[in-house]
1. For the pair residue 211/residue 8, report the inter-label distance in nm, with labels modelled 7 Å from Cα in the Cβ direction.
2. Which one of 45, 105, 116 has its Cα pushed farthest toward the positive end of the charge dipole of the chain, where Lys and Arg give +1 and Asp and Glu give -1 at the Cβ?
3. What's the exposure ranking of 182, 83, 190, going from fewest to most Cβ atoms within 10 Å?
4. Sorted by packing (mean other beta-carbon atoms within 10 Å per residue), highest first, where do 106-118, 123-135 land?
5. Would you mind ranking 119, 136 by Cβ crowding within 10 Å, fewest neighbours first?
6. What's the percent breakdown of Cα-Cα distances in region 6-231 across 5 Å bins, shortest bin first?
7. Let's see if you can work this out: charge +1 on each Lys and Arg Cβ, -1 on each Asp and Glu Cβ, no other charges. What is the dipole magnitude of the chain about its Cα centre, in debye to the nearest 20?
8. Kyte-Doolittle cut-off 0.0, length cut-off 27 Å along the helix's own axis using Cα: show which whole DSSP H helices in the chain pass.
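We did not get these values from a lab; they are worked out from the coordinates using the rules stated. The structure displayed is predicted, hence computed values, not measured ones. With ideal geometry, Cβ positions are generated from the backbone for all residues, glycine too; neighbour counts draw on all protein chains shown.
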Amino acid sequence: MQKSMIRLLSIADLVTILNATLGFIALLLVFSNEFQLATAFILLGLLADGLDGMIARKLGNGKLGEYLESLADMISLSVAPLVLFYKIYYDSIALQPSQHLLLGGILVFSLLCSIIRLSSFSLLKQKQFFIGLPTSASALFLVLMPYLLQEVWYALPIIVVLSLAMISPIHFPKPGLMVNLVTAALIIAVILLDGMYSTLATLLLLVALLAYIIIGPLYLYTKKRKQVSGTEDTHS
């Protein structure tokens, strides 16, 4: 007897669907020029993205889990942040046709990198680390930078680097419970302080993000070198 589609869903899957819903609402808010609210909904989507993983580890994942997660993340962590970034700068500065083409081209490139990463995530999944920069890190950068930089041209080279990092073989650590809690607290602080009115909360979150992007791979590399050195000492 065939199961209904609804019965294939687990509790974690319902949170994943919430993540997709938050991303879609964020898109509607972007087109309504409610940029601060859109930012808040994207950040809430980030929290839901972390929560569904925790629930799946505790209660188990449904048969649709991996498919749903990639689809939800594409909406809330890729399309919504990219559209928000584009709309903020499109409305705030006068762009020449060539500049408009450059901005759109770089954001399309970032979208393509996100598609490649999210579609291959389940195939390259590891327990201890991520292969390539998580899409959530790129999403955080996209929603934070417009409130800190008036000139879009300073942010575009970083977007290119982060996009390449998403599809790179670089290993990024999976944050532990304490790091996740601190990150969640910073995200909640940003949301409660009305979507970026507090520069301090934004800067702290950005610093934490940059520390993860830069220090994370170095930490894993150093840890691996020590393990290799320890193994060689044991066999010598």
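1. 4.2 nm
2. Farthest towards the positive pole: 116.
3. Final ranking by Cβ density, sparse to dense: 182, 83, 190.
4. Sorting 106-118, 123-135 by mean packing, highest first, produces 106-118, 123-135.
5. 119, 136
6. 1, 7, 14, 18, 21, 17, 11, 6, 3, 1, 0, 0
7. 780 debye
8. Result, helices passing both filters: 11-31, 35-59, 97-120, 199-235.
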